[in-house]
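What follows is a set of notes on a single structure, which appears directly below.
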Amino acid sequence: MRISGVVVAVAATWAIAGAVEAKTVAVSAERLLDVATGKYVDKPLVVIVDGRISAVEHQGDAVPAGAERVDLPGVTLLPGLIDMHVHLTSSPLFGGYSRLQYTDSFWPILGVTHARATLEAGFTTVRNVGSKDYEDVGLRQAIDAGFIPGPRIVTATYAIGSTGGHCDSTFFPPSMKQKGDAVIDSPNEGRKMVRQLHKYGAQVIKICATGGVFSHGDTPGAQQLTLEEIKAIVDEAHATGLRVAAHAHGASGIKAAILGGVDTIEHASLADDEDIRLAIQHGAYFGMDIYNTDYTQAEGKKNGVLEENLQKDRDIGDTQRENFRKALKAGVKMIFSTDAGVYPHGTNARQFATMVRYGATPLQAIRTATLTAAEALDRAKDVGQATPGHYGDLVGVKGDPLVDVTLLEHPVFVMKGGDVVKRVP
């Protein structure tokens, strides 16, 4: 009993010390966008305690004693942004075979630079949907431990694909004996792969349901996983508490992914009316990367992208954008997915203007990267809003992003978990 009393006393002392030492920050600005209502809070005072928002008050209200003050006159605040489809350890500067000039350990080092650029661009949370050698897990661990700056990363590790498919290694002859590390060809192999990826750090499962733009020898529209394989992967992932994202350009692959229970459809370039109806019926999200074609067509050849891949990109680019317009109008839940890594990290926000050009209002576009993205991540209690209980993640711009969404391309202030990441005078 006496030992127990000592333990309780020590624990109480630690608790008191922790409460005293908890960091408190008070952020004031011109206004704060409530993304849920679409309305502004004028002259807000956002109080952040130990990394989470404790209150949203108004300037002139009492500031907690000892709070660090961050005053941002003329700045509009939004919640930290979320990109649901990035590849932090990939770079668009190395296309086709040019990446073979670099050793394997080159890519995670690039990831450190890309993580910083992404965070400073106002994206405080990202979903990394595919990397080799569990590089994204190491990057996440280094960021979470405070060794390097970067966004919160939801890691997928390897993307699961079929033999000869988009997520296999298809650029080499048989003598090279190349094979993707997450290739499966049956439902049971799919279940086993989910277990393996989860074992080594996957927080979301990514599958390649169809062909792709940047693979060799296939077409984006071709289905590459069967409905039975998709169902097995999804069942195993959901049983483990993981959500599933499907790379799916073609209509049949999109249908199979939705019917198989996939949570988010990535690209959705060739979605037909039935795909759109099924997405609404089943509550699936579309993450349509409708900006990056501009970059690929302008810079891809210089960066070594093969003509085969450039042509595939040309073939589906306009169709994908018109299907974005159609799906948005129909009421499909849209998430902000850029495929950054195909175009430069840190320029993620360029997609907002493209979304507006193809039918979204600025508020709808912003919600794809806040409210809806957080919901699709199953992390709505942590990210996606600047309200009490959420992380102290804020991005600030000069002006009104509901009038000019391109302002998000040039944030003047970024905060993650109550820590200032970027502040432009």
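The strands (runs of 3 or more DSSP E) found wholly in region 67-145 and carrying at least 1 residues that are on the phi < 0 side of the Ramachandran plot, touching a Pro at 6+ places or on another chain (Cβ under 6 Å) and in contact (Cβ under 8 Å) with a residue 40 or more places away in the chain occupy 123-128.
Rundown of residues vs (1) closer than 19 Å to P220 by Cα; (2) among the hydroxyl-bearing types (S, T, Y); (3) free of Cβ contacts under 8 Å to residues at least 24 places away in the same chain, yes/no style:
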| position | (1), (2), (3) |
| --- | --- |
| D294 | yes, no, no |
| G304 | no, no, no |
| T319 | yes, yes, no |
| R325 | no, no, no |
| A365 | no, no, no |
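Exactly one residue out of D294, D235, D273 is open to solvent by 30 Å² or more (accessible area, probe 1.4 Å), within 19 Å of Q351 (Cβ to Cβ) and not small (G, A, S): that is D294.
For region 297-318, filtered to residues that are open to solvent by less than 30 Å² (accessible area, probe 1.4 Å) and either in a helix (DSSP H, G or I) or among the charged types (D, E, K, R) (or both), the residue that is nearest to Y97 (Cα to Cα) is N309. Scanning region 37-62 for residues that are of a type in the set (A, V, I, L, M, F, W, C), at pLDDT 95 or above and either exposed (fewer than 14 other Cβ atoms within 10 Å of the Cβ) or over 23 Å from G399 (Cβ atoms) (or both) yields V47, I48, V49, I53, A55. For region 330-359, which positions are of a type in the set (S, T, N, Q) and open to solvent by less than 20 Å² (accessible area, probe 1.4 Å)? Scanning region 330-359 gives S337, T338, N348, Q351, T354. For region 116-147, a tally of residues being touching an Asp or Glu at 6+ places or on another chain (Cβ under 8 Å) and open to solvent by 40 Å² or more (accessible area, probe 1.4 Å) returns 2.
Residues checked against (1) under 20 Å from G211 (Cα atoms); (2) among the aliphatic types (A, V, I, L, M):
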residue	(1), (2)
I265	yes, yes
L270	yes, yes
I276	yes, yes
G287	yes, no
N292	yes, no
T296	yes, no
Q311	yes, no
D318	yes, no
G331	no, no
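Assess whether G250 counts as being crowded, with 24+ Cβ neighbours inside 10 Å and either under 18 Å from G211 (Cα atoms) or within 20 Å of the chain's Cα centre (by Cα) (or both). Considered against the rule, which asks whether it is crowded, with 24+ Cβ neighbours inside 10 Å and either under 18 Å from G211 (Cα atoms) or within 20 Å of the chain's Cα centre (by Cα) (or both), G250 comes out as yes.
In region 164-188, the residue that is least open to solvent (accessible area, probe 1.4 Å) out of those that are over 23 Å from the mean Cα position of the chain (by Cα) and at pLDDT 95 or above is I184. Every listed requirement among (1) of a type in the set (S, T, N, Q); (2) closer than 17 Å to D419 by Cα; (3) within 23 Å of the chain's Cα centre (by Cα); (4) open to solvent by 10 Å² or more (accessible area, probe 1.4 Å) is met by T113 save one, (2). Among the residues making up region 224-267, those that are in contact with a helix residue (DSSP H, G or I) (Cβ under 8 Å, 6 or more places away or on another chain), under 16 Å from F286 (Cβ atoms) and among the hydrophobic types (A, V, I, L, M, F, W, C) are V244, A246, A248, A251, I254, A256, A257, I258, L259, V262, I265. Tell me yes or no: at least one residue of region 205-220 is buried (at least 24 other Cβ atoms within 10 Å of the Cβ), within 28 Å of I316 (Cα to Cα) and of a type in the set (K, R). Yes, that holds for at least one residue. Quick check: anything in region 77-89 farther than 21 Å from V421 by Cα and open to solvent by 20 Å² or more (accessible area, probe 1.4 Å)? Within region 77-89 (the criterion being farther than 21 Å from V421 by Cα and open to solvent by 20 Å² or more (accessible area, probe 1.4 Å)), the answer is yes, since at least one residue qualifies. Within region 360-382, being open to solvent by 10 Å² or more (accessible area, probe 1.4 Å), in contact with a strand residue (DSSP E or B) (Cβ under 9 Å, 6 or more places away or on another chain) and either closer than 9 Å to P79 by Cβ or among the basic types (K, R) (or both) holds for R367, L371, R379.
Consider V10 carefully, then state whether it is open to solvent by less than 10 Å² (accessible area, probe 1.4 Å) and either part of a helix (DSSP H, G or I) or modelled with pLDDT of 90 or more (or both). So V10 does not fit the description; no.
The values are calculated or read from the model by the stated rules, or taken from the named source; none is laboratory data. Model, not experiment: these values are computed from the prediction. Note that each Cβ is placed from the backbone with ideal geometry, even for glycine, and that neighbours are counted across all protein chains shown. The accessibility values were calculated without ligands, DNA or RNA, using every heavy atom of the protein model including side chains. Shrake-Rupley method; radii C 1.70, N 1.55, O 1.52, S 1.80 Å.
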